[in-house]
Every structure is written in structure tokens, then in C-alpha cells.
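Everything below concerns the one structure shown next.
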Amino acid sequence: MIDPILDFIFTNLDPLIRIIIYPGITFIMLFTIFAVWYQRKFLARLMLRMGPVHAGKFAGWLQLIADSLKLLTKEIIFPEHSYKKLFLISAITLPVIPAAAIALVPFAPGYAIFNVRGYTGILFLAIMSLYPIFIVLMGWASNNKFTLIGAFRTIYLDVAGEIPLFLAALGVFVWAGTYDLQDIVAQQATMWFVIPQFLGFLVFFISYFAMIEKAPLDIPEAETELVFGYRTEYTGALFLDTMLGDYINVLAWGLMMITLYFGGYNGPAIFADPVLNGAFWILFKLIILLAITYTVIISYARLRIDQAIRLGWYYLIPLALLNLIITVILKYVVLEGGV
Amino acid sequence: MSGNGEYKAGLLEKMPKTIRKMFNWGRSFSLWPVHLVTGCCSPEYMQLFGPRYDLERWGVLPLASSRQSDVMIFVGNVARKMMLRAKRVYEQMPEPKWVYVIGACASSKGPFPESYSLVRVKDYMKVDMFVAGCPPKPEAIHYGFLKLREKVLNEVGGGGSAETVKPTQ
């Protein structure tokens, strides 16, 4: 009985390690816990506060464990006349979508969870565009006006934010001449794509806040208007699940930004092992990116929904198209001398 | 699982002592209050989340939502009409939940003993922590939170105060 299982484990040791330990489940969960703790400490320091201190010996590092323990033992409330199965399934599926997209991101040369070549960039964007659908389902199944308005706002914001983001990513694909994320990262060994694609990066960075739904574009869960947006009715473990989805979403888009514009795992060799070296540089870049993200979150007020849509349609989409035209001219006319 | 206050807190009582202590530790460091402004002790309470008194050091995270909170906070005088709304917010909160009453008015009608409209919170629901004062200083409210944390930490059963003494009307 045990022999076939052990045999299976030892013959597939490398993919299992990828799925379970390093860029897989364990890494994603630990990074999520770290990201929430980091956000609370960082925002607190920007407000001249201390943040969590007393849970755990060092700087409140057990704070998220305490929160998770509490949320796991809270009562789970199903609202009256809600679609109970959908209410449950959509919240449970939500963290799976961005985690599935992370499987395509290379963490070292030839080291991704789902190690395929080809149209992985397009596939990543396609998987990530499923994420708002589950938010809409959550908001609809809860049978509450706040969740429903939050879900509608998610649709508005995603139409305004997703199109410029995809157009900006298309600029990178045209510049690199490939859709393959591993090729794109390998081409950035000499120069990061943020330099030739700076306009596209600006569009990507602004749309990134629409996709992760944080301030100044946290319109779907505007705390002062809609209590918690689409997750108002979720209690206890299901609330934990939706927050997990939120932070894995941030991680996935952050990894995508690093992959497209900041050279992914590339960096000066510190460790001899390419996997360790790639892990170090990816984490280093992620931490800096998260610090910038949190600084923007704490600095800016929330836009109104019409302002956000105007930002997307009037400014970001034309800028992204301009970036695309400049990219085509630069690559095929200036550098290669003719179409 | 019905949201009307009928909660059977039996599962955690049956667990071994170490696991119960672990969950109590988690709860004690994660008391999320729902901020229901019933009266004028509220500015004293709001200061707790600013730079000087920073209650987030103890894991207390102020929330706008009742569905995710643990501690129901009455800040200041509670009128009879307000009590209806407060009861509704209280019933929206998932178990286990605790009640924390700030100020003399909400505790014992304070300077208005013969008022027609003020009510005492303890007549309507089981209260876990009172803080006296008119208004109490932020240090006092902070101290009350630490006392409430100790109470949660040393709880034996499932925790929280589910019973209601008197119907609202």
C-alpha cells in the first residue's frame, strides 16, 4: 500500500517540491502572512505608530497567527435568502485563481511550478481575468445591498483597469518579441524593460492599483461607503479565505510586474545556486515593491467611481496605445531599420 | 450557524486544555472592536488608535463592520432608541463576542439618574468590562482593554457573552 505512494513521491520529487514547497503552496501562504504583517507594521510606522508589538517576542511577528486562530474559531453566518452553496464555493475558490496564475511565473532559469514554454504571458493574464468573476459571484450570493454594489463597482473598475493593463503588457510582449515569460525574463539580463517601456510601466503601475483594489482605487470595498464591499457578509474562516485571496492577488500582480519590467530573478550572483539566487532577488524586489505600494495606499485619498473610470478610459488607454505605437516604431524602424 | 444568537459553544470546551489555551491566546491578541458611536465618550476612544496610545500594539484593529468584529463597544450614553440599533449590531456579530462599556452614562446612567430616555447597557446584555469616568481618560480605556484581554485569555468555555437579559422592548 505504502510502496506505490513512496515510489510516486521519489520519481516526482522535483515537481512535488515545486508545487508544495518553494514557489508553491508553502511559499505563497508564508509570503501572504508576511505581507499582511509587513503592511500593518509599515502603515503603522508611516503614521508614527508601532503596529503589532506584543504578539510574539519580536515585533509582533505572531500577530497574523493570532488573527487566523481567532477567525478559524468564529461562527460562520449564512445570511438569510443567500445562495448558500455559491456563497461558500466562490469564497473558497477565490484564492485559487491568483495562486494558479503564479504557477506560470519563473523563479529561476527554467524553474516555474508549471514549467511550460510558449504563450504563458497571455495565459497568466487570462487566468487573472477570472478573479473579478468570483468577486461578483460573492457579492451576488450574499444577498446584501453593500456586497451587490461592491460587486458592480468591481466590474466597472476592472473594465477601466484591465484593458490598459493588458495593453501595457502587450507593449512588453512586442518589445521582447515573445509571449513567453521565461524568455522575457532571460532577455532582461542586460537591461530591465522598465527603461524602454517606461510609459507602459506607468500605465501598468496605475492599473495595478485597480487590479489589487487598494487605495486610491479601493472603490469596491470603500470602507466609509460600503462596509467591507463584496466581503461584508463573510465571517470567520470564510472572511480569512477572502482576505487570503486578496493578498495572493497582490502577490500575483507584483510578481507579474517584476517579471515584465524589473528583470524577474535576474540580479548579481550572490548564491552559487541559481534557484537560491533567483529566490533572493525576487523576494528583494517584491519587498521593495510592496513598500512602494503601501506608501501609495496610505498617501492618497480614494477616487470616486466616475473619476476612476475616466482615469482608465481617457488617460490610461490612450497612453497604453501610444506606448504600443512607440514600441513598434522603436523596435521595427529605429533598431532594425525597416518593417 | 443562524445568526440569531443561538450558538452552541460546545466544541471548544471538549478540546484538550493545550488547544483551548492556544485558541484563547489567539483570541486575546485579536480583539477587533466595532465602533458604534452612542455618545460623547467617542473622541476619547478614537485617540486609542492614534500615535500616542496605539492599541494596535495589542492586536486591536478598529473595523467598520460588525460581521467581522469581536468586541461590541458602547461609547457614552445609550438612549432607548439607540439601544434598538445597538442590539441589532450586536446580533449581527458572530460568536464569540464580548461587550465593553465605556463611560458612566452607559454603565449606570451617570449624571442623569432620573432620565426618561437613558438606559443601562447591563439591563439588556451581559457586559464583560466597564470603564468608569465622565469621560474616562484614554489610559483608562486602554487599561480596560488589557483587562478584557486577560479575561479572554483565561476563559474556560467557548467564550463570549451570548445571553441577553431582557428583550429590547
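We did not get these values from a lab; they are worked out from the coordinates using the rules stated. Note that the coordinates shown come from a computational prediction; the quantities given were computed from them, not determined experimentally. We place every Cβ from the backbone using ideal geometry, glycine too, and count neighbours over all the protein chains shown.
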**Report entry** Between the stretch A:59-75 and the stretch B:103-119, the Cα center-to-center distance that results, in Å
**Finding:** 37
**Report entry** Paired Rg and Dmax values of the stretch A:132-286, which use every Cα atom, in angstrom
**Finding:** 18.0, 56
Query raised in the report: Using the C-alpha gyration tensor of the stretch A:200-290, what are the square roots of 5 times its eigenvalues, in whole angstrom, with the largest one first?
Result: 32, 17, 8
Query raised in the report: Taking Rh as the Kirkwood radius, which is the inverse of the mean 1/r over Cα pairs, what is the Rg/Rh value for the stretch A:57-191?
Result: 1.08
**Report entry** the stretch A:133-188-the stretch B:58-96 distance, computed between alpha-carbon centres (Å)
**Finding:** 36
Query - Karplus 3J(HN,Hα) series, Hz, for the stretch B:125-135 with 6.51 cos²θ - 1.76 cosθ + 1.60 (x for Gly, Pro) - result: 8, 6, 9, 9, 8, 10, 10, 7, x, 9, x
Report task. Report, largest value first, the span of the C-alpha coordinates of the stretch A:2-335 along each principal axis, in whole Å. Result -> 62, 60, 43
Report task. Provide A:V275, A:V136, A:V203 in ascending order of the number of other Cβ atoms located within 10 Å of each residue's Cβ, fewest first. Result -> A:V275, A:V136, A:V203
Query raised in the report: Tell me, what is the percent relative contact order of the stretch B:32-144, built from C-alpha pairs under 8 Å that lie six or more residues apart?
Result: 29
Query raised in the report: If we count GluC sites (Glu not before Pro) as exposed when they sit in a DSSP loop and have at most 10 other beta carbons within 10 Å, what is the longest stretch of chain A that avoids them all?
Result: A:81-335
Query - In Å, descending, principal axis extents of the Cα set of the stretch B:32-144 - result: 40, 29, 19
Requested in this report: Treating the Cα atoms of the stretch A:253-339 as identical point scatterers in vacuum, please give the log10 of the normalised Debye intensity I(q)/I(0) at q = 0.14 Å⁻¹, two decimals.
Outcome: -0.81
Query raised in the report: For chain A, what is the calculated [θ] at 222 nm in deg cm²/dmol (nearest 500), taking -39500 (n - 2.57) for each run of four or more DSSP H residues and dividing by its residue count?
Result: -20000 deg cm²/dmol
Query raised in the report: One-quarter of the Cα convex hull surface for the stretch A:1-139, in nm²?
Result: 13.8
Report summary line: FRET efficiency (A:T190, A:R117; Cβ distance; R0 22 Å; to 0.05) is 0.55
Report task. Fewest Cβ neighbours within 10 Å first, please rank B:K126, A:K214 accordingly. Result -> B:K126, A:K214
Report summary line: Of all DSSP beta bridges with both partners in the protein assembly as shown, the antiparallel percent, nearest 5, is 10
